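Below: one structure, written as structure tokens.
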Amino acid sequence: MDNRSIGVFDSGLGGLTCIPNLFHELPEERVIYFGDTARTPYGSKAISTVKAYTNQIADFLASKDVKMMVIACNTISATCLPELQQRFPDIPILGIINPAAQRIADICTEENNIGIIATKVTIASGVYTESIEERHPGLNVHTMATPAFVPLIEEGIIENEIMDLTIRHYMDSFVRENQLDTLVLGCTHYPLIRKNILRLYPNLQIVNPSYEIVARIHQVLKEKDMLAVNNDRENVFYASDLSENFVNMIQNILKTEKSDLILKFKNLDL
Ligand code: DGL
């Protein structure tokens, strides 16, 4: 048993999409969330920059004595996971890509045409394709970077024709030319536009890695006998820019009132 909090982090608010399911599946667990809202997006930055920012976040979470770190960001998982695991050998650190790849490997066959949409850095890393190929060789995987989604989502431009046009701009030919039947939301911001995607492409089977990561968290905590019991700690949400927009989005995603949230500002540049 271990009632310390789980550190969950992302470049911004995308990682929050993992939290409702985490609380649902593991109601005794508590989180310390960090969203680097001042420096988002990471997905179009140089890998050296993503690594430098990530090390600052991980140092911050380690200073809070978290029992586990969850990289609720595909971009960081694609570029920093092995280094972080080496840097903190005593803290279990989970990336979000491998559990999602395992899900694809489990549910898809050679008959499927699988599309992966993600940031430029995630797609360029090739990590999704490699991880799926390792688990289920021979699957048909097509990838595409969709970099305009994250800035729009961070701005709260979601239920809106600008978002729908942006989705169609990227996806119409991607879906048609590859005859996609399955789509992986390879960025933790994208579950926030899942409904738009389904409305525009109702026949796609959507894989949302925000669910797969929670199953993996459960499995690892159980194996290590670190599940929380009768936990009286609080959840705490840090952001490097506590803008009004972030505060609105966090309330929407967690379906809670601001007065029920512990929100804190933490600028890692200082
Ligand atoms: N939410 C992040 C991901 O899963 C990154 C978005 C970004 O900062 O570009 O890749």
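The values are calculated or read from the model by the stated rules, or taken from the named source; none is laboratory data. Since we're looking at a predicted model, the values are computed, not measured. Positions of Cβ are generated from backbone atoms using ideal geometry, with glycine treated the same way; all protein chains shown enter the neighbour counts. For the accessible areas, the whole protein counts, side chains as well, though only heavy atoms, and no ligand, DNA or RNA atoms are used. Shrake-Rupley method; radii C 1.70, N 1.55, O 1.52, S 1.80 Å.
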Hey, residue 74 more than 21 Å from residue 227 (Cβ to Cβ) and buried (at least 24 other Cβ atoms within 10 Å of the Cβ) or not: yes
Any hit, the range 56-71, residues being within 16 Å of the ligand (Cβ to nearest atom), over 16 Å from the mean Cα position of the chain (by Cα) and open to solvent by 50 Å² or more (accessible area, probe 1.4 Å): yes
Boolean, residue 39 is open to solvent by 10 Å² or more (accessible area, probe 1.4 Å), out of contact with any helix residue (DSSP H, G or I) (no Cβ under 7 Å at 6 or more places or on another chain) and not aromatic (Phe, Trp, Tyr): no
Residues being of a type in the set (S, T, N, Q) and under 23 Å from residue 65 (Cβ atoms) - total across the range 220-270: 5
Residues located in the range 104-142, provided they are under 18 Å from the mean Cα position of the chain (by Cα) and surrounded by fewer than 19 Cβ atoms within 10 Å (Cβ to Cβ): 120, 124, 126, 129
Check on residue 19, surrounded by fewer than 24 Cβ atoms within 10 Å (Cβ to Cβ) and either in contact with a Leu (Cβ under 7 Å, 6 or more places away or on another chain) or touching a residue at least 12 places away in the same chain (Cβ under 8 Å) (or both): yes
Leading residue by the ranking (farthest from the ligand (Cβ to nearest atom)) among those in the range 30-52 that are more than 20 Å from residue 234 (Cβ to Cβ) and aliphatic (A, V, I, L, M): 52
Filter result (touching a helix residue (DSSP H, G or I) at 6+ places or on another chain (Cβ under 9 Å), assigned to a loop (DSSP other than H, G, I, E, B) and more than 10 Å from the ligand (Cβ to nearest atom)) within the range 6-29: 26, 29
